[in-house]
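K.L.:
Before anything else, here's the structure in question.
No lab work stands behind these numbers, since they all come straight from the coordinates. Keep in mind that what you see is a predicted model, and the values were worked out from it rather than measured. Here Cβ is always computed from backbone atoms with ideal geometry, including for glycine, and neighbour counts include all displayed protein chains.
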Amino acid sequence: MVTYSYRCRQCGDVDVRAPMGSAEPRRACPRCGEWAVRRFTAPRVGRGDVAVWRARERTERSAEQPEVVSGLPPRQGGPRVSRDPRHARLPRP
C-alpha cells in the first residue's frame, strides 16, 4: 500500500492509502466528498522504526568505511561466581 496525497479545496491536504499504481488524478475527498486533486510530493522514506534506519545506515556506511577491529571486544562483567555455600557441594562435570 502506498500513501497518495490529494488537496481538497475545503479540507486541505488529504492522504489516501491505495495499492501502488492506482492513483487517480482526481478523487473524491473522504471527508466531505468534493473532488480533490492529486499532489506530487517527495516519497516519505523518513518515517519508520529508528533502529531499522540506524542499522541500514551503518550497513551502507561500512561498504566504503569499514570499521577496523584490532581485537576482541572487552568482556562485560566477567565470569559469574556464586557465593552461596550450597553451590560448592554440587557435583562438578
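K.L.:
Show the residues, 5+ positions off or on another chain, whose built amide H is closer than 5 Å to the amide H of Ala28.
P.N.:
Hits under the 5 Å cutoff: Ala36.
K.L.:
Rounded to the nearest 0.05, what FRET efficiency do Glu57 and Thr3 give with R0 = 25 Å and r taken as the Cβ-Cβ distance? Could you check?
P.N.:
Efficiency at R0 = 25 Å is approximately 0.65.
K.L.:
Round to the nearest 10 and give me the degree value, 0 to 90, for the angle of helix 50-64's Cα axis relative to the longest principal axis of the chain.
P.N.:
80 degrees
K.L.:
Given the peptides 50-62, 68-80, 6-18, arrange them by the average over their residues of other C-beta atoms within 10 Å, most packed first.
P.N.:
Result, highest mean first: 6-18, 50-62, 68-80.
K.L.:
Between beta-carbons, use under 13 Å as the cut-off and find the net charge around Arg38, counting Lys and Arg +1, Asp and Glu -1.
P.N.:
Its environment carries a net charge of +1.
K.L.:
Let me ask another. In a Debye calculation with equal point scatterers on the alpha-carbon sites of the chain and no solvent, what is log10 I(q)/I(0) at q = 0.15, 0.21 Å⁻¹?
P.N.:
The Cα Debye sum returns log10 ratios of -0.81, -1.05.
K.L.:
Here's a follow-up. Note down the relative contact order for the chain as a percent, whole number, built from C-alpha pairs under 8 angstrom at least six residues apart.
P.N.:
19 percent
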